[in-house]
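The values are calculated or read from the model by the stated rules, or taken from the named source; none is laboratory data. Predicted model, so just to flag it, every value in this text is computed and none were measured. Please note: Cβ atoms are built from the backbone with ideal geometry, for glycine as well, and neighbour counts cover all protein chains shown.
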Amino acid sequence: MIGSSSIAVAALLALSPFAQAQAPTNQFPQTPLADKRYDSPAALPYKVDSDTGLLRGSQAGFNICNSTTENQSSLCQTSYFNSVEDFCIWGPIEKDSTVADTEGEMVAWCSKPGHGTRLIPAGALTGIQWIKTPDYVQAVGFLDQSQINIKAGDWGGEMDPHGADLRGNPMGGVIFSTAFGGSAKQVIEWHNFVGGNKFCFKACDPAGPNAAHFCEHIYDRIGCDYNIPNAAQDKVFESCLGDNQDYPGVYTSNGQVMTYTQPAESLGAISTMPYTPKVPASSSCSTFESAKVYTGLPTAAATTTSGGAAATGSVSGSAGATSKAGTAVGAKATGTAAGNGAGSVGISLVSVMGVVFAGLFLS
Ligand SMILES: *[C@@H]1O[C@H](CO)[C@@H](O)[C@H](O)[C@H]1NC(C)=O
Ligand SMILES: *[C@@H]1O[C@H](CO)[C@@H](O)[C@H](O)[C@H]1NC(C)=O
C-alpha cells in the first residue's frame, strides 16, 4: 500500500504531540526490505526488520522458523511459494482483523506443514488456480477468510515488500520459492491481494529482468482483476502453465500502449477504469481434489489466537492430479471491477464504464 500509509504517517507527524516530543520521528529503515538479500532460509536473522525506533514500531514476528515454531499461534514471517501444494499467504495474527489494520504485522499461513508457520485450516480453501509463466508463478484462491483471521466481509488490501516507509507489508516478511529451479531462492518482488473471500498472490522470478514490473506494487487500489488478471473459479483446484500477463497498469488502446495512473485516495472512490485487463492464456491444466493434496492441516477449531492445538501429522500429499486438456482462456476478461482487495464485484466493466458507482471500490 502506498497512499494510505503515507497519509497516515504525515498525519501522525503533524498532529501528534507525542510524535514530536518523544516518539520516533524517522520512518525509514537503513536498508529497504526489498533490498535485503538472503541466500537461503538458513541465512535469515531472527528478525529481518532490525531497525529500532521507527514510526511503525518493531517487526511483529520473526524469521527463524522450524518445528518448534509451527503451530496455530506461530509468529513466523518467513513464507514459501513453491507449488500448488505448497504455498503460504499472509494473514493476521488475531481473529477478526481487517487487512488495513494489520497489513504490517501479518504472519505466514501455509498449505503444507514443515515451514514452522501457521497452517491454513483444512477446508478453508475452496478453489485454487496455480499458474507458472515464463516470468512468475501465481495463485488465485477462494477461501473462507475468517479461517485465517480476516474479518468476514472485509474487502482487504495489498501486501508487498515495499510500503510507504520501505519496510514492507508485513514488515520483515520474506518469501522463498523452489519454483524457479534449484533450491529455495528468495523472491524479491511479489504482491498479495486478499479480501472478499478471495486472494491472489504473484511471486516474480528473481532472475527475471522485469520482475519489478510484473509484480508492480503501486496499483494497490484496483485488486486482483487488474494486478493478476485471471479466469480462476471457485470449487476448481488446478495447476496450469500460462503466458505472461501485461504489466499491471499497462494496456493497449487503439494500438497505443498506455499506462494507467491510479488516482490518490484523497480524490475519493475509483469510479471508472479506462480499460479491461487482458487475461493471459493458460494451458496444460491439471485438476485435483483438495483433500488429496492439502493433507496434515488442522481443523478450523484449532485456529485460535492464543493457544490453538499444534497441527498434527505431516503426511505430504501425493499429488493425485489428473490431467485435463489445456483451457486456453479468452483474450478478454469479462471484466469485473475490483476493490482494493482481492474480491470482484461481479459487474461487467463494459456496463459500468463511465458510470459512477461509488461504494463498490471500498477502501
Ligand atoms: C528454531 O526456531 C527458534 C525460534 O526462532 C530458534 O530460537 C531456534 O534456535 C531454532 N532452532 C533451530 C534448531 O534452528
Ligand atoms: C506455539 O509455539 C510457540 C513457540 O514454540 C510456543 O511458545 C507456544 O506456546 C505454542 N503455542 C501452542 C498453542 O502450542
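Here are a few things to note about the model shown:
- Members of the range 40-57 found to be within 15 Å of ligand 1 (Cβ to nearest atom) and either touching a Cys at 6+ places or on another chain (Cβ under 7 Å) or assigned to a loop (DSSP other than H, G, I, E, B) (or both), listed by number: SER40, LEU44, PRO45, TYR46, LYS47, VAL48, ASP49, SER50
- Candidates ALA152, ALA179, ALA164: the one that is assigned to a loop (DSSP other than H, G, I, E, B) and modelled with pLDDT under 95 is ALA164.
- Meets criteria (part of a helix (DSSP H, G or I) and more than 16 Å from ligand 1 (Cβ to nearest atom)) for GLY127: no
- ASP101 falls short on exactly one of the conditions (1) charged (D, E, K, R); (2) in contact (Cβ under 8 Å) with a residue 24 or more places away in the chain; (3) more than 16 Å from ligand 1 (Cβ to nearest atom), and that condition is (2).
- Search result, residues across the range 195-236 that are in contact with a Gly (Cβ under 9 Å, 6 or more places away or on another chain), of a type in the set (Lys, Arg), at pLDDT 95 or above and crowded, with 18+ Cβ neighbours inside 10 Å: LYS198
- Annotation: of all residues in the range 182-194 being polar (S, T, N, Q) and not in a loop (DSSP other than H, G, I, E, B), the one that is surrounded by the most Cβ atoms within 10 Å (Cβ to Cβ) is ASN192.
Residue-by-condition table, conditions (1) under 15 Å from the mean Cα position of the chain (by Cα); (2) modelled with pLDDT of 95 or more; (3) away from ligand 2 (no atom under 14 Å from the Cβ); (4) buried (at least 24 other Cβ atoms within 10 Å of the Cβ):
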{"position": "ALA43", "(1), (2), (3), (4)": "no, yes, yes, no"}
{"position": "ASP51", "(1), (2), (3), (4)": "no, no, yes, no"}
{"position": "THR68", "(1), (2), (3), (4)": "no, yes, no, no"}
{"position": "ASN82", "(1), (2), (3), (4)": "yes, yes, yes, no"}
{"position": "SER111", "(1), (2), (3), (4)": "yes, yes, yes, yes"}
{"position": "ILE120", "(1), (2), (3), (4)": "yes, yes, yes, yes"}
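- Of all the residues in the range 163-181, those that are surrounded by fewer than 24 Cβ atoms within 10 Å (Cβ to Cβ) and touching a helix residue (DSSP H, G or I) at 6+ places or on another chain (Cβ under 6 Å) number 2.
- Enumeration of residues in the range 56-66 that are surrounded by fewer than 19 Cβ atoms within 10 Å (Cβ to Cβ) and among the hydrophobic types (A, V, I, L, M, F, W, C): ILE64
- The range 58-94, residues that are within 16 Å of ligand 1 (Cβ to nearest atom), small (Gly, Ala, Ser) and not in a strand (DSSP E or B): SER58, ALA60, GLY61, SER67, SER73, SER74
- Positions within the range 280-311 being among the charged types (D, E, K, R) and either within 14 Å of ligand 2 (Cβ to nearest atom) or at pLDDT below 90 (or both), in sequence order: LYS292
- Residue count for the range 184-211, restricted to those that are closer than 21 Å to SER40 by Cβ and out of contact with any Phe, Trp or Tyr (no Cβ under 9 Å at 6 or more places or on another chain): 1
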